[in-house]
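The values are calculated or read from the model by the stated rules, or taken from the named source; none is laboratory data. For clarity, every value in this text was computed on a predicted model and none was experimentally measured. No Cβ is skipped: glycine too gets one built from the backbone with ideal geometry, and neighbour counts run over all protein chains shown.
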Amino acid sequence: MPADRHKIPERPVADRIKDFEEVALPFDLESAKAEAKRCIQCKKPKCVDGCPVEIDIPAFIKLVAEGKQDEALAKIKEKNALPAVCGRVCPQEDQCEKLCILGIKGKPVAIGALERFASEQPSPSIPLPEGEGSTKVKVAVVGSGPAGITCAADLAHMGYKVTMFESLSDSGGVLIYGIPEFRLPKKIVRTEIEYVKSLGVELLNDVLIGKTLTIEDLFKDGYKAIFVGSGAGLPNFMRIPGENLLGVYSANEFLCRINMMKAYKFPKYLTPIKIGKKVAVFGAGNVAMDAARCALRLGADEVKIIYRRAREQMPARIEEIERAEEEGIDFHLLTAPTELFGNENGWIKEAECLKMELGEPDKSGRRRPVPVPNSEFRVSIDTAVIAIGNKPNPLIPQSASDLKTEKWGGIIVDPATQMSSIPGVFAGGDIVRGAATVISAMGDGKVAARKIKEFLNV
Amino acid sequence: MPKILSKERLAQNIVQIEVDAPMIARSAKAGQFVVLRINEEGERIPLTIADKDPESGKVTIIFQEAGASTCYLGSLEVGSEIKNILGPLGTPAHINKVGHVVVIGGGVGIAEIYPAIKAYKDAGNKVTTIIGARCKDLLLSEAKIKSITDELLITTDDGSCGRKGFVTEILKEMLEDSSIEINLVYAVGPVPMMEAVCHVTAPAKIKTIVSLNPIMLDATGMCGVCRVTVGGQTKFGCVDGPEFDGHLVDFKELKARLSAYKDKEKIASDHVCKLAHL
Ligand SMILES: Cc1cc2nc3c(=O)[nH]c(=O)nc-3n(C[C@H](O)[C@H](O)[C@H](O)COP(=O)(O)OP(=O)(O)OC[C@H]3O[C@@H](n4cnc5c(N)ncnc54)[C@H](O)[C@@H]3O)c2cc1C
Ligand SMILES: Cc1cc2nc3c(=O)[nH]c(=O)nc-3n(C[C@H](O)[C@H](O)[C@H](O)COP(=O)(O)OP(=O)(O)OC[C@H]3O[C@@H](n4cnc5c(N)ncnc54)[C@H](O)[C@@H]3O)c2cc1C
Ligand code: SF4
Ligand code: FES
């Protein structure tokens, strides 16, 4: 009978809600080895089928079990350039760990925690793939999120002259401006960016493609192929009355002020933020959990998550929902806001909500929430954060009329090649999938790099 | 890092700088703006591109020292570097030949109308410009504007130059004068001025474009802090604007939203003054 799954250590709630330091701590060597030994080294490992980038999971786990942490990391890096990031933020419960054979009768191997453990050391330098000298061919990568980083790194390995354009002055995409420090320390992201630069990738910040330069300009400037990894940065609003009241933030605004502009260090950092005592976050994905937990850390007395569907339907990672609950976030499920009300100065003071119940399944297969008649009630709040999802930013498609997009804004690509309707323009990550995951963005970046090489044929 | 190439104090608290930003200088069009951040601790502040020179790669910005960030910017000397400048942002002005255009600039808005006047002229319009300020010393870029507009009318609150009064008074008289036909009004300035201009032109049904200045953060369409209600719909000021049909703008909401951080602004400006010994 295999041993029990080892739980990844965490800082005590009372400490962690006072600061932005990381919540989850790495395994110590003994627990890591013990957890790694739970893996039965399947001949046909199911876990690998669940991994979007096909890491050789049993192989790296075996190396951890043998105490060969650096070899384990090198093994992961054969397939995944960002293990320190993925070990922390991948939804393993829906991927590798969901399929792990031990999960049938007991608890799956803690693959994510082991991946993170392996990454807790200086990166071994990755040797350049054999036989690929450098070419003078220029390739442009737009966006420095996980899709862009992965694509740029692979292209540089292949010997291309890569320039990565990023509109913000900080690179890393959502990893920098979205996911908070307590879940993903920014130092890790910066190390990865430095690594990409060390491969010879030129990084140009403060260039907004579609405005500063267009796709057409890039071709004119001599780029032979372009990868667009510009993400899904356009916030959805609920389209209910009162949404433009003061004190109502999109999650993007809220998280950007905090993570990127460091508003919590105001006035040393000049960007302000106002967080009241009673905060409501609408939505229940990772973004909503992050916003709620940031609000708590910035001194709110009560933080509510208000979500129109049921518990099982919350899209956030289970681990993060549990941590949010432990920290005292108050969950109001099957509750939908219908209107926001303000005080005489235009600041939010109340939300009117309706109770919901689950009806017939909708297109996504989830049971659709339907309003319970006459169930209106009001909640007193002074800050609202809207976290009901993001759509692709339309700037690039708007500035390149030949670029075909879905109705909801995603760039349409050939799934086999990641190439868009413009020859030589490839795309991947959230700009193609809509708000998805770090690992799928990385996977797209990887495929695109390979297909760009085939396309260029040099 | 982008460098400040020149600096000139146009009035007591209005400063003009030229920044080295070749890519922006090449692609900027009338009505567009930049967002800049002075240093790591700085805010991202939106400022209109008052002029540009694609050859030398210079972008001209004229700003009023209104609070912490702009005062800090005003304290920097030629040769200083700033952390970043991003642009050109916003949808460029839709410039067509319509006939007679009245361009109105108020306060620091006077400095921002030059590219629009030039563009309307280049498109073959007759352009009358009305500029208004509190006093004579605050009439910016007067000579530069005079050199391109067909007609220049001036008002000051205290009567120290041109007509005593507000720009809207001149506009009203022009509307009442049956010998003058106006096809379009374009106004940039303090929110109350733009709102007053719209009040004057609405009954006469003269299309009026205003350039709005909501609070911004990324200014690339990512955060929505810049939302304004136009014709009952929520728009993002930074990407859908900054120019909108003034008759459809909810000015009351805009004014409220601009006041969101009033108390924090005071703290920030005290902090910066202490640091920069202003
Ligand atoms: C708060 C939050 C929490 C999340 N938590 C998780 C999680 O726990 N696990 C998980 O797997 N996923 C999570 N996600 C989703 C995940 O972060 C994204 O799916 C992933 O980052 C997408 O990567 P990307 O490279 O496609 O885009 P992004 O990371 O969005 O990067 C795009 C980059 O392109 C830049 N850009 C955009 N337009 C332009 C332009 N025109 N010119 C130049 N540059 C441009 C942007 O500034 C940005 O830096 C979370 C998302 C958010 C917002
Ligand atoms: C598209 C656009 C173009 C602009 N062009 C010019 C220009 O050419 N010249 C000029 O002098 N000013 C311009 N402004 C206004 C300028 O951005 C603000 O004066 C400046 O951000 C104030 O910052 P502060 O820290 O100095 O003052 P603060 O004390 O912080 O603010 C003073 C006032 O400025 C407004 N404001 C504060 N923060 C912001 C912000 N992040 N974004 C926008 N407004 C803010 C508020 O109404 C506030 O009450 C423009 C604004 C926009 C949106
Ligand atoms: S499925 Fe589970 S037990 Fe099997 S190899 Fe993968 S991690 Fe190990
Ligand atoms: S300033 Fe962020 S969307 Fe306009």
Next on the checklist: Looking only at residues that are in contact with a Ser or Thr (Cβ under 6 Å, 6 or more places away or on another chain) and within 14 Å of chain A (Cβ to nearest Cβ) in the stretch B:36-57, which one is farthest from ligand 2 (Cβ to nearest atom)?
Outcome noted: B:Glu43
Checklist entry - Of the residues that make up the stretch A:287-297, is at least one surrounded by fewer than 24 Cβ atoms within 10 Å (Cβ to Cβ), out of contact with any His (no Cβ under 6 Å at 6 or more places or on another chain) and within 12 Å of chain B (Cβ to nearest Cβ)? => result no
Next on the checklist: Just to confirm my filter: which strands (runs of 3 or more DSSP E) fall fully inside the stretch B:3-47 and include at least 2 residues that are crowded, with 21+ Cβ neighbours inside 10 Å and away from ligand 1 (no atom under 16 Å from the Cβ)?
Outcome noted: B:14-20, B:33-37
Next on the checklist: Can you report the number of residues in the stretch A:258-271 which are among the basic types (Lys, Arg) and more than 7 Å from chain B (Cβ to nearest Cβ)?
Outcome noted: 2
Item to check | Restricting the stretch B:247-278 to residues that are touching a residue at least 24 places away in the same chain (Cβ under 8 Å) and not in a helix (DSSP H, G or I), the residue that is farthest from the chain's Cα centre (by Cα) | outcome: B:Leu278
Checklist entry - Within the set of pairs 6+ apart or on separate chains, which have a first residue in the stretch A:48-69 that is in the same structural domain as A:Gly87 (by TED's automatic domain parsing) and in a helix (DSSP H, G or I), a second that is more than 16 Å from ligand 4 (Cβ to nearest atom) and aromatic (Phe, Trp, Tyr), and C-beta atoms under 7 Å apart? => result A:Val64/A:Phe117
Checklist entry - Got at least one residue in the stretch A:426-444 being part of a strand (DSSP E or B), away from every other protein chain (no Cβ under 14 Å) and modelled with pLDDT of 90 or more? => result yes
Checklist outcome for this item: Residue pairs within 8 Å by beta carbon, gap of at least six or interchain, first lying in the stretch B:58-83 and within 14 Å of another protein chain (Cβ to nearest Cβ) and under 22 Å from B:Asp263 (Cα atoms), second near ligand 2 (Cβ under 6 Å from one of its atoms) and β-branched (Val, Ile, Thr), listed first then second, are B:Ser69/B:Ile45; B:Thr70/B:Ile45; B:Leu73/B:Ile45
Next on the checklist: So B:Lys7 ticks every box in (1) more than 23 Å from A:Leu213 (Cβ to Cβ); (2) at the interface with another protein chain (Cβ under 10 Å from one of its Cβ atoms) but one. Which box is left unticked?
Outcome noted: (2)
Item to check | Single residue of the stretch A:303-347 satisfying the filter (within 30 Å of B:Tyr261 (Cβ to Cβ) and among the aromatic types (Phe, Trp, Tyr)) that is farthest from the other protein chains (Cβ to nearest Cβ) | outcome: A:Tyr307
Checklist entry - Would you call A:Asp15 in a loop (DSSP other than H, G, I, E, B) and either surrounded by 15 or more Cβ atoms within 10 Å (Cβ to Cβ) or out of contact with any strand residue (DSSP E or B) (no Cβ under 7 Å at 6 or more places or on another chain) (or both)? => result no
Checklist entry - Which of the strands (runs of 3 or more DSSP E) contained wholly in the stretch B:168-246 include at least 1 residues that are away from ligand 3 (no atom under 16 Å from the Cβ), more than 14 Å from chain A (Cβ to nearest Cβ) and crowded, with 19+ Cβ neighbours inside 10 Å? => result B:184-188, B:208-211, B:243-245
Checklist outcome for this item: Within the stretch A:387-421, residues among the aliphatic types (A, V, I, L, M) and within 15 Å of ligand 1 (Cβ to nearest atom) come out as A:Ala387, A:Ile388, A:Leu395, A:Ile396, A:Ala400, A:Leu403, A:Ile411, A:Val413
Checklist entry - So which residues in the stretch A:234-250 are under 9 Å from B:Gly224 (Cβ atoms) and either β-branched (Val, Ile, Thr) or away from ligand 2 (no atom under 16 Å from the Cβ) (or both), if there are any at all? => result A:Leu234, A:Pro235, A:Phe237
Checklist entry - Counting only residues that are at the interface with chain B (Cβ under 9 Å from one of its Cβ atoms) and either more than 23 Å from the chain's Cα centre (by Cα) or not in a loop (DSSP other than H, G, I, E, B) (or both), how many does the stretch A:228-254 have? => result 13
Next on the checklist: Between a residue in the stretch A:390-402 that is facing chain B (nearest Cβ under 10 Å) and any residue that is more than 13 Å from ligand 4 (Cβ to nearest atom), which pairs come within a Cβ distance under 6 Å, given they are 6 or more apart or on different chains?
Outcome noted: A:Asn390/A:Ala232; A:Asn390/A:Ala435; A:Asn393/A:Ser230; A:Pro394/A:Gly409; A:Leu395/A:Gly210
